[in-house]
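This report refers to the structure that appears directly beneath it.
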Amino acid sequence: MRAVASALNYLGGHGGDDRPAAMLGAMNNAIAFAPGPGPLLREWRAARRFSQLDLALAADISARHLSYVETGRSQPSREMVVRLADALTLPLRERNALLQAAGYAAQYPETPLDAPELARIQRAVDFIIAQQEPYPAFVLDRHWNILRANAAALRVNGFLLAGRASPHANMLRHVFDPADLRAALVNWEEVAGDLVHHLHAEIAAHPSDPVPRQLLEEILAHPTCRSAGASAIRDNGPRRC
């Protein structure tokens, strides 16, 4: 922040040239609209039910300093961001997001399952789900996308859909679409309620990830959702299914 302040002082003190003034305006706009780590910190504090004082004590900083970080008046160091992430017990992916929001490089690498360097992991996963035969088994990512399925899962899916291929590669859409698996589930409301319960838990555990919220809005807006739905769905927020 001292470097930025020095640059602003320099630009603001040179009259007679419109270029410094234009640069000053651009920098002010950039600073005003840069979200920084503040919004993420507030979300995670709310998720952990921490007050500013609680988090400040856990991270061994002053509550005033934390307030300045959250409002964007102070730029935290990388070490400070790591300390706050430790105090909030953030998952590794969320630690990366907080570091990047503060302008730092991610600390933890993330590799897709289908990457060549994970070939041995892929073979191990395939072996594990193959051992579940004759029962269906799926591999899902955190957004409910189906990454892998064993032969039993494909057979059961084909039987339930009368030989048709599912148009969805996402388990939630697979279950909630009336033209897909929805019509084949006798206890659909029970299954749907359980899935929505897990989705709410995912939102609470990862408040900075927009995808679970988008999925929840999508499935609760589906025509098959109705007010007389399963109690497990009714108990999860003001929206009804």
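Go through the residues of region 101-112 one by one and say whether even a single one is closer than 28 Å to A56 by Cα, of a type in the set (A, V, I, L, M) and buried (at least 16 other Cβ atoms within 10 Å of the Cβ). Yes: one or more hits.
Does region 72-80 contain at least one residue that is part of a loop (DSSP other than H, G, I, E, B), exposed (fewer than 12 other Cβ atoms within 10 Å of the Cβ) and either at negative phi or outside the structural domain of I146 (by TED's automatic domain parsing) (or both)? Looking for residues that are part of a loop (DSSP other than H, G, I, E, B), exposed (fewer than 12 other Cβ atoms within 10 Å of the Cβ) and either at negative phi or outside the structural domain of I146 (by TED's automatic domain parsing) (or both), one finds at least one in region 72-80, hence yes. Within region 100-116, being free of Cβ contacts under 8 Å to residues at least 60 places away in the same chain and either in a helix (DSSP H, G or I) or touching a strand residue (DSSP E or B) at 6+ places or on another chain (Cβ under 9 Å) (or both) holds for Q100, L113, D114, P116. Of all residues in region 176-192, those that are in the same structural domain as C225 (by TED's automatic domain parsing) and touching a residue at least 12 places away in the same chain (Cβ under 8 Å) have Cβ atoms under 7 Å from Cβ atoms of residues that are in a loop (DSSP other than H, G, I, E, B) and of a type in the set (A, V, I, L, M, F, W, C), 6 or more apart or on another chain, in E189/A230; E190/A230; V191/L185; A192/A230; A192/C241. One residue alone among E133, E110, E117 is within 24 Å of P37 (Cβ to Cβ), of a type in the set (D, E) and at pLDDT below 95, and that residue is E110. Within region 55-71, the set of residues being surrounded by 15 or more Cβ atoms within 10 Å (Cβ to Cβ) and over 18 Å from G36 (Cβ atoms) comprises L57, A58.
Applying the criterion of at least 1 residues that are among the small types (G, A, S) and over 28 Å from the mean Cα position of the chain (by Cα) to the helices (runs of 4 or more DSSP H) found wholly in region 117-196 leaves 119-130, 151-160. Among the numbered conditions (1) under 30 Å from L199 (Cα atoms); (2) touching a residue at least 24 places away in the same chain (Cβ under 8 Å); (3) not assigned by TED's automatic domain parsing to the domain that holds H168, the only one that W144 does not meet is (3). Inside region 173-207, can you point out the residues that are among the aliphatic types (A, V, I, L, M), under 22 Å from N157 (Cβ atoms) and either surrounded by fewer than 15 Cβ atoms within 10 Å (Cβ to Cβ) or touching a Pro at 6+ places or on another chain (Cβ under 7 Å) (or both)? Of everything in region 173-207, those that are among the aliphatic types (A, V, I, L, M), under 22 Å from N157 (Cβ atoms) and either surrounded by fewer than 15 Cβ atoms within 10 Å (Cβ to Cβ) or touching a Pro at 6+ places or on another chain (Cβ under 7 Å) (or both) turn out to be A179, A183, A184, L185, V186, L199.
The values are calculated or read from the model by the stated rules, or taken from the named source; none is laboratory data. Note that the coordinates shown come from a computational prediction; the quantities given were computed from them, not determined experimentally. All Cβ positions, even for glycine, are placed from backbone atoms using ideal geometry, and neighbour counts span all protein chains on display.
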